[in-house]
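To keep things clear, I will list the structure first and then write my remarks on it.
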Amino acid sequence: MKIHEYQAKQIFKKAGILVPEGDVATNIEKAISTSEEIGLPVVIKAQVHVGGRGKAGGVKIAKTPEEVKKFAGEILGMDIKGLTVKKILVGKAIDIQRELYLGVITDRSTNRPVIMVSTEGGVDIEEVAKKTPEKIHRFTVDPAYGLLVHHAMNLAFKLSSDVKEVREIASTLQKLYKTYLDSDASLAEINPYVLSADSNFYAIDAKIVLDDNALFRHPDYEEMRDLTLEEKIEHEAKEKGLSYISMEGNIGCVVNGAGLAMTTMDVIKHFGGKPANFLDVGGSSDPQKVKNALHFLLMDEGVRAIWFNIFGGITRCDDIASGLLEAVGEMEIELPLVVRLTGTNEEEGKRILSESSLDIHFVRNMEEGAKAAIRLSEGGG
Amino acid sequence: MGVLVSNDSRLLVQGITGRDGSFHTHLMREYGTNIVAGVTPGKGGMVIEDVPVFNTVVDAVEKTGANVSVSFVPARFATSAIFEAVDAGIELIVAITEGIPVKDMISVMRFIKDKGARLIGPNCPGIITPGECKVGILPTTVFKKGRVGVVSRSGTLTYEIVSYITEAGFGESTAVGIGGDPVIGTRFVDMLELFKDDDETEAVVLIGEIGGSDEEVAARYIEETDYPLPVFSFVAGRTAPKDKRMGHAGAIISGGSGTASEKIKALEDAGVLVAKLPSDIGKFLKEELGEK
């Protein structure tokens, strides 16, 4: 789960990491009152789940009350990469002396947390990694012992030679690592970590990505969930045991298994068609799930044909068939249906469907299925 | 003899009294797997599918000599089940469970490294050595005893591709689903190593997907070791959007890395034939290994 910068800053602040004073606002009045409380100049930042806010004009420094009003008004409601800005963070502007990068990430290749630091703060760290990889210093943490003081100090000495600064950076690294652990994050990042003109270190920007599998341990994070309309639908589907992601195309797909569902989209594209969605009904064979799947699929008005691509293992083809039959009866689906059933109870599933009055285009395999779905989505018979 | 499990495997089922545990115990036994024990705390003394149930793994190992475990234990208790199995001396643990927090898996992997055990999964369909035994939930009908080693990050896509391997007249020596999570116990490279030393495997099919860099790491390994067996591959998610978790927790293109095209390029550069369609795998095998 992604959370906003202001929420990540709240978590960092609790962990003892210094963040600029500030508050979140959803309207101009609140932005003005916050700027009065903390004093000008302030930085006004769009709170949306997307990178490149600065370039899009979503980050502005306001030096006067008029500018606060003007910029808050401009940024609230602004569209950044398709997302509408509904919240802004109004924070005290910090006079920057130096910008660093500090991050903790789960490294999949070693199955361990990795600390990354760089003197190149304030820019996209992936760009730094591509262009000047020597400027990023990494340390793989042994999870049995955690990030020990000397590990943190060794890293901090790569960023500064002033021992007072080094101690401060090392201390922040340990707090950052602890935050990563305590919040079950897959990423915890401060970019930039700034040394101010008055020689204090601040987390100017903050990013935390939470592990969805661990959210049950953090009921308090639930209120941080801020979803776009599209994400709301995905989330709703997930609560019903489905993985659903809407795409631009016109062929609605119902598939069992994530890998097969991705491949279904790939094969449709390969033959020149356009998938309307990724949809994995999972490994169970509950007919209700099939109904739910069709419910989400039909919310998309662009769908012109529906393709069931089922390779039964745990999932039983006859259960999928019964679910489909019930759903079509209840939902009055008039779109052309392509059905591929292979595997567990395949014959029974096919029998159920062929004995019904439904007009179903049966296909023997995935490639035939893709071709039939494409033909039908284009109005062919 | 499979690379991980065989007729000699003495299987323990953790979470045997649950719905999935008992159902799959039945199916695994039907396939011929030698299941010697089950464990569910508090249910010791029961018998499920003719299998004696114990309260603890230590008890089960002591009484039955179990050396492989498969776990259906729900996510919240799944890691403690793995710790328990490793501590009791089980050499191979197959974790079917989906939804385990990554932080817990990091601890598990650290512990496993110390104890020298092997974990397959989590969030995986398990292992099958066709004609001998199956440890997990794979549907047996598509598999046939043969000489192709299969390793995959997916479940049903594995069955799809295996059906083409079998249809083309080749069977499988061992097929392993290593799981769709970011932190997993066994990766492509580990399986490539095992297949390399297996007399019964003469080609490997590697089924990858978007997210992480396991395919790239495998490609580098194939190139650097001048891998002796032909490797064929399919990578799912060519058309997957960025920053969306595609069903599996590990299947996500983040920050522009982990794309299918990068993986396909790395594999092709290492001399691996990468299929555009699942059915190509059958064709590749026929072309490269000759008709069977």
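The values are calculated or read from the model by the stated rules, or taken from the named source; none is laboratory data. Note that the structure is predicted; figures quoted are calculated from it, not measured. Cβ sites come from the backbone with ideal geometry, for glycine too, and all protein chains shown count toward neighbours.
Selection over segment B:243-265 of residues that are within 10 Å of chain A (Cβ to nearest Cβ) and either out of contact with any Gly (no Cβ under 6 Å at 6 or more places or on another chain) or within 18 Å of A:Asn256 (Cα to Cα) (or both) gives a count of 13.
Taking segment A:246-292 as the search range and keeping residues that are assigned to a helix (DSSP H, G or I) and under 20 Å from A:Met331 (Cβ atoms), which one is farthest from the other protein chains (Cβ to nearest Cβ)? Here the residue is A:Lys291. The combined condition, being of a type in the set (Phe, Trp, Tyr), closer than 20 Å to A:Thr263 by Cα and within 11 Å of chain A (Cβ to nearest Cβ), is fulfilled by B:Phe234.
Within segment B:231-250, the set of residues being hydrophobic (A, V, I, L, M, F, W, C), closer than 16 Å to B:Thr156 by Cα and free of Cβ contacts under 8 Å to residues at least 60 places away in the same chain comprises B:Val235, B:Met246. Residues in segment B:251-264 that are at pLDDT 95 or above, surrounded by 15 or more Cβ atoms within 10 Å (Cβ to Cβ) and over 23 Å from the mean Cα position of the chain (by Cα): B:Glu262 alone. Can you name the residue in segment B:109-119 that is at the interface with chain A (Cβ under 9 Å from one of its Cβ atoms) and of a type in the set (D, E, K, R) and is also farthest from A:Asp212 (Cα to Cα) among such residues? Ranking the qualifying residues of segment B:109-119, first place goes to B:Asp114. Quick one: is A:Gly121 within 14 Å of chain B (Cβ to nearest Cβ) and not in a helix (DSSP H, G or I)? Taking the combined requirement at face value, the residue does not satisfy it.
Working carefully through the options B:Gly212, B:Gly208, find the one that is assigned to a strand (DSSP E or B), closer than 15 Å to B:Ser154 by Cβ and within 11 Å of another protein chain (Cβ to nearest Cβ).
Just one listed residue meets the conditions, B:Gly208.
Within segment A:208-216, at least one residue is among the charged types (D, E, K, R), facing chain B (nearest Cβ under 9 Å) and surrounded by fewer than 22 Cβ atoms within 10 Å (Cβ to Cβ). Being in a helix (DSSP H, G or I) and in the same structural domain as A:Phe311 (by TED's automatic domain parsing) is not true of A:Leu358. Of the residues making up segment A:99-108, at least one is in contact with a helix residue (DSSP H, G or I) (Cβ under 8 Å, 6 or more places away or on another chain), over 21 Å from A:Asp226 (Cβ atoms) and of a type in the set (Lys, Arg). The set of residues in segment A:293-335 that are surrounded by 19 or more Cβ atoms within 10 Å (Cβ to Cβ), assigned to a helix (DSSP H, G or I) and within 29 Å of the chain's Cα centre (by Cα) comprises A:Ala293, A:Leu294, A:Phe296, A:Leu297. The set of residues from segment B:137-159 being more than 14 Å from the chain's Cα centre (by Cα) and within 14 Å of A:Phe311 (Cα to Cα) comprises B:Thr140, B:Thr141, B:Val142, B:Phe143. The set of residues from segment A:124-150 being farther than 30 Å from B:Asp190 by Cα, modelled with pLDDT of 95 or more and within 14 Å of chain B (Cβ to nearest Cβ) is empty. Going by the conditions given, is B:Val151 within 26 Å of B:Ile210 (Cβ to Cβ) and touching a residue at least 40 places away in the same chain (Cβ under 8 Å)? Criteria met by B:Val151.
Of the listed requirements (1) surrounded by fewer than 24 Cβ atoms within 10 Å (Cβ to Cβ); (2) closer than 20 Å to A:His270 by Cβ, B:Thr201 misses just one: (2).
Of all residues in segment B:109-128, which are under 19 Å from A:Ser109 (Cβ atoms) and of a type in the set (Val, Ile, Thr)? Across segment B:109-128, the qualifying residues are B:Ile112, B:Ile120. Scanning segment A:361-381 for residues that are more than 33 Å from the chain's Cα centre (by Cα), in a helix (DSSP H, G or I) and surrounded by 17 or more Cβ atoms within 10 Å (Cβ to Cβ) turns up A:Ala372, A:Arg375, A:Leu376. The residue list B:Glu223, B:Glu216 contains one member that is surrounded by fewer than 24 Cβ atoms within 10 Å (Cβ to Cβ) and farther than 30 Å from A:Lys238 by Cβ, which is B:Glu223. Got at least one residue in segment A:343-353 being away from chain B (no Cβ under 14 Å), touching a residue at least 40 places away in the same chain (Cβ under 8 Å) and of a type in the set (A, V, I, L, M, F, W, C)? No, the conditions are met nowhere in segment A:343-353.
Against the test of being under 20 Å from B:Gly180 (Cβ atoms) and in the same structural domain as B:Ser152 (by TED's automatic domain parsing), the options B:Thr259, B:Thr201, B:Thr225 yield a single qualifying residue, B:Thr259.
Where residues in segment B:84-100 are buried (at least 22 other Cβ atoms within 10 Å of the Cβ) and not small (Gly, Ala, Ser), which of them is nearest to the other protein chains (Cβ to nearest Cβ)? By that ranking, first place goes to B:Ile100. Among the candidates B:Ile161, B:Ile106, B:Ile178, B:Ile165, the residue that is within 11 Å of chain A (Cβ to nearest Cβ) and closer than 22 Å to A:Ala261 by Cα is uniquely B:Ile161.
Among what's in segment A:151-191 and is within 14 Å of another protein chain (Cβ to nearest Cβ), among the hydrophobic types (A, V, I, L, M, F, W, C) and not in a helix (DSSP H, G or I), pick the residue that is surrounded by the fewest Cβ atoms within 10 Å (Cβ to Cβ). So the residue we want is A:Leu187. Here B:Leu11 clears all of (1) within 18 Å of B:Thr97 (Cα to Cα); (2) buried (at least 18 other Cβ atoms within 10 Å of the Cβ); (3) touching a Gly at 6+ places or on another chain (Cβ under 8 Å) except the condition numbered (3).
Exactly one residue out of B:Ile112, B:Ile106, B:Ile127 is in the same structural domain as B:Ser80 (by TED's automatic domain parsing), of a type outside the set (Lys, Arg) and under 21 Å from B:Arg10 (Cβ atoms): that is B:Ile112.
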